[in-house]
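A short write-up of the structure that comes next.
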Amino acid sequence: MSRIPRIVILGAGYGGIVTAIRLQKELNYNEADVTLVNKHDYHYITTHLHMPAAGTDKPENARVDILKLIDEFKVDFVKSTVTQIRPHEKKVILEDGTLSYDYLVVGLGGEPETFGIPGLKEHALNIRSINSVRFIREHIEYQFAKYKREPDRKDYLTFVIGGAGFTGIEFIGELADRIPALCKEFDVDPELVKIYNIEAAPTALPGFDPELVAYAMDVLEKKGITFKIGTAIKECTPEGVLVAGDEFIKAGTIIWTGGIRGNHMLDEAGFETMRGRIKVSEFLRSPQFDNIYIVGDCSIVMNDEGRPFPPTAQIATQQGEVCAYNLIASIRNTEPKTFKFTNKGVVASLGKRQAIGVVGSRKLKGNTAAMMKKIVDMRYLYIIGGIPLVIRKGRF
Ligand SMILES: Cc1cc2nc3c(=O)[nH]c(=O)nc-3n(C[C@H](O)[C@H](O)[C@H](O)COP(=O)(O)OP(=O)(O)OC[C@H]3O[C@@H](n4cnc5c(N)ncnc54)[C@H](O)[C@@H]3O)c2cc1C
């Protein structure tokens, strides 16, 4: 390859943006042409989205302009939607053009996995992007307004959240905090509002420390959440959900947080996937194409027991660092680095000043865990935008 190698990064989520930022820092002048493609001109902080979705924070606080994070002299930013990946031709097709690459990084994030449950795809909302959370926030307020016009329709005030993983639990914590303000604004008796969290697995927050899970459920039950754990959703309709035991819960709002899969374009491109995710090599490469790296929710990395790590922002960020390193190694013909995930701790928010977490061997709960969540958030802001971004976006 005598000309300058072209690196194309698809997606400016956690994995993609960190790859781009590391490349712009480490690459020498004219060592590679780097292009970052994203469908919006902002990066969103997905781990904050449960707040604007519930209406306890503004969507603006969960987004950062991409041009504030990258140096345009070193990375070309293309605001466009990727429609196809053609790995054999080393091309990606955008809605408005085509890009050729020598090295490709796929960081397009995940998509909701509905496990074939009828009606979920059509009738449930998902917390996935700035646009989706704007919609959810407006939808929630609209249910209160509708109830005031049709007071016999109490189901407008019923909320079903499918899935008691991280996203579901963090969202119900925020929603429960928002309800008193909404009731006040719309003159609604708070007793009429029902929030159900429905989970098919035998526990909420599977994989989390059981003592902390019990604490979280206690906190959330006191905020008015009704849990239905070990209860599968069998069908979703425009009116509500049918759950195991043939109980039908009528609800004006159904939000599905119960599963995530990789981007559908990977299957369409002929990659071997497991639910749209690619089991990457130790160097984060596609096993089929040595010049394609996969980061974040589109990838699968196995733990020491041979089970996939859950897709998280933490793992995507660490992959971004190693992916950039290995791209540079490929260009310079030096040794690549093996990716090894270092778990820096996990914290789940339960709403205002409440959280649970495990950091090292320490279990945290309550306000201490909530403070730890803020530290984790600020650390990420620091990684992508340094102190100026921490000051601008960090909520102290
Ligand atoms: C509400 C919520 C709370 C969460 N909380 C936590 C948490 O506390 N801790 C944690 O570690 N993880 C958390 N996660 C998981 C974490 O957010 C994801 O694992 C992480 O965002 C994955 O990063 P990624 O780089 O794969 O993709 P993403 O961050 O999802 O970014 C993908 C990017 O690709 C872009 N894109 C997608 N399709 C196209 C296309 N066709 N063309 C162009 N651009 C495209 C998107 O606009 C986006 O910018 C949470 C997730 C959610 C939804």
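For residues in the range 214-247 being of a type in the set (Lys, Arg) and touching a residue at least 24 places away in the same chain (Cβ under 8 Å), which is nearest to Leu192 (Cα to Cα)?
Of all residues in the range 214-247, those of a type in the set (Lys, Arg) come to 222-223, 228, 234.
Add one more test, that the residue is touching a residue at least 24 places away in the same chain (Cβ under 8 Å), and what stays is 223, 228, 234.
Working: Lys223: 14, Lys228: 19, Lys234: 25 Å.
Checking each candidate, the answer is Lys223.
If I go through the range 62-87 residue by residue, how many of them are within 10 Å of the ligand (Cβ to nearest atom) and surrounded by fewer than 19 Cβ atoms within 10 Å (Cβ to Cβ)?
6
If Ile117 passes every condition in (1) under 17 Å from Arg63 (Cα atoms); (2) more than 9 Å from the ligand (Cβ to nearest atom); (3) of a type in the set (Val, Ile, Thr) but one, which one does it miss?
(1)
Please verify whether Glu174 is of a type in the set (Asp, Glu), within 30 Å of Tyr215 (Cβ to Cβ) and within 16 Å of the ligand (Cβ to nearest atom), treating the condition exactly as stated.
Details: of a type in the set (Asp, Glu): yes; within 30 Å of Tyr215 (Cβ to Cβ): yes; within 16 Å of the ligand (Cβ to nearest atom): yes.
When the stated conditions are applied, Glu174 passes them.
Here is a check on your reading of the model: is Tyr156 among the hydroxyl-bearing types (Ser, Thr, Tyr) and out of contact with any Phe, Trp or Tyr (no Cβ under 6 Å at 6 or more places or on another chain)?
Numbers: among the hydroxyl-bearing types (Ser, Thr, Tyr): yes; out of contact with any Phe, Trp or Tyr (no Cβ under 6 Å at 6 or more places or on another chain): no.
The answer is no for Tyr156.
Per-residue answers, yes or no, for (1) under 19 Å from the mean Cα position of the chain (by Cα); (2) aromatic (Phe, Trp, Tyr):
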residue: Gln24; (1), (2): no, no
residue: Asp33; (1), (2): no, no
residue: His48; (1), (2): yes, no
residue: Ala53; (1), (2): yes, no
residue: Val64; (1), (2): yes, no
residue: Asp71; (1), (2): no, no
residue: Phe77; (1), (2): no, yes
residue: Thr81; (1), (2): yes, no
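Can you tell which of Arg307, Arg285, Arg275 is of a type in the set (D, E, K, R) and under 17 Å from the mean Cα position of the chain (by Cα)?
Values: Arg307 fails: under 17 Å from the mean Cα position of the chain (by Cα); Arg285 fails: under 17 Å from the mean Cα position of the chain (by Cα).
Exactly one residue qualifies, and that residue is Arg275.
Taking interchain pairs and intrachain pairs at least six residues apart, which have beta carbon atoms under 8 angstrom, with the first residue in the range 2-14 and not assigned by TED's automatic domain parsing to the domain that holds Pro87 and the second near the ligand (Cβ under 10 Å from one of its atoms) and open to solvent by 30 Å² or more (accessible area, probe 1.4 Å)?
Matching pairs, first to second residue: none at all.
Could you look through the range 300-322, keep only residues that are without any contact (Cβ under 8 Å) to a residue 60 or more places away in the chain and of a type in the set (A, V, I, L, M), and pick out the one that is nearest to the ligand (Cβ to nearest atom)?
Ile315
Each row is one residue, and each column tells you yes or no for (1) over 16 Å from Ile384 (Cβ atoms); (2) assigned by TED's automatic domain parsing to the domain that holds Asn326; (3) within 13 Å of the ligand (Cβ to nearest atom); (4) of a type in the set (Asp, Glu).
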position: Arg22; (1), (2), (3), (4): no, yes, no, no
position: Lys25; (1), (2), (3), (4): no, yes, no, no
position: Glu31; (1), (2), (3), (4): yes, yes, no, yes
position: Ile45; (1), (2), (3), (4): no, no, yes, no
position: His50; (1), (2), (3), (4): yes, no, yes, no
position: Gly55; (1), (2), (3), (4): yes, no, no, no
position: Lys58; (1), (2), (3), (4): yes, no, no, no
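Just checking, does the range 287-294 include any residue being part of a loop (DSSP other than H, G, I, E, B) and either among the hydroxyl-bearing types (Ser, Thr, Tyr) or not assigned by TED's automatic domain parsing to the domain that holds Ile17 (or both)?
Just the residues of the range 287-294 that are part of a loop (DSSP other than H, G, I, E, B), to begin with: 287-291.
Filter once more, so that each one left must be either among the hydroxyl-bearing types (Ser, Thr, Tyr) or not assigned by TED's automatic domain parsing to the domain that holds Ile17 (or both): none.
No, every residue in the range 287-294 fails to be part of a loop (DSSP other than H, G, I, E, B) and either among the hydroxyl-bearing types (Ser, Thr, Tyr) or not assigned by TED's automatic domain parsing to the domain that holds Ile17 (or both).
Quick one: which residue in Ile85, Ile127, Ile117 is modelled with pLDDT of 95 or more and within 18 Å of Val295 (Cα to Cα)? Lay out the reasoning, then the answer.
Details: Ile127 fails: within 18 Å of Val295 (Cα to Cα); Ile117 fails: within 18 Å of Val295 (Cα to Cα).
Result of the check over Ile85, Ile127, Ile117: Ile85.
Filter the range 259-272 for residues that are closer than 23 Å to Pro310 by Cβ, of a type outside the set (A, V, I, L, M) and open to solvent by 30 Å² or more (accessible area, probe 1.4 Å); which is farthest from the chain's Cα centre (by Cα)? Write out each step before concluding.
Within the range 259-272, the first condition is being closer than 23 Å to Pro310 by Cβ, and the residues that meet it are 259-267, 271-272.
Next cut, of a type outside the set (A, V, I, L, M) only: 259, 261-264, 267, 271-272.
With open to solvent by 30 Å² or more (accessible area, probe 1.4 Å) added as a condition, the list becomes 261, 264, 267, 272.
Working: Arg261: 11, His264: 16, Asp267: 20, Glu272: 23 Å.
Per the criteria, the residue is Glu272.
The values are calculated or read from the model by the stated rules, or taken from the named source; none is laboratory data. Quick caveat: nothing in here was measured; it's all calculated off a predicted structure. Methodologically, a virtual Cβ is constructed for each residue, glycine included, from the backbone with ideal geometry; neighbour enumeration extends over all protein chains shown. Areas reflect the complete protein model, heavy atoms only, side chains present, ligands, DNA and RNA absent. Shrake-Rupley method; radii C 1.70, N 1.55, O 1.52, S 1.80 Å.
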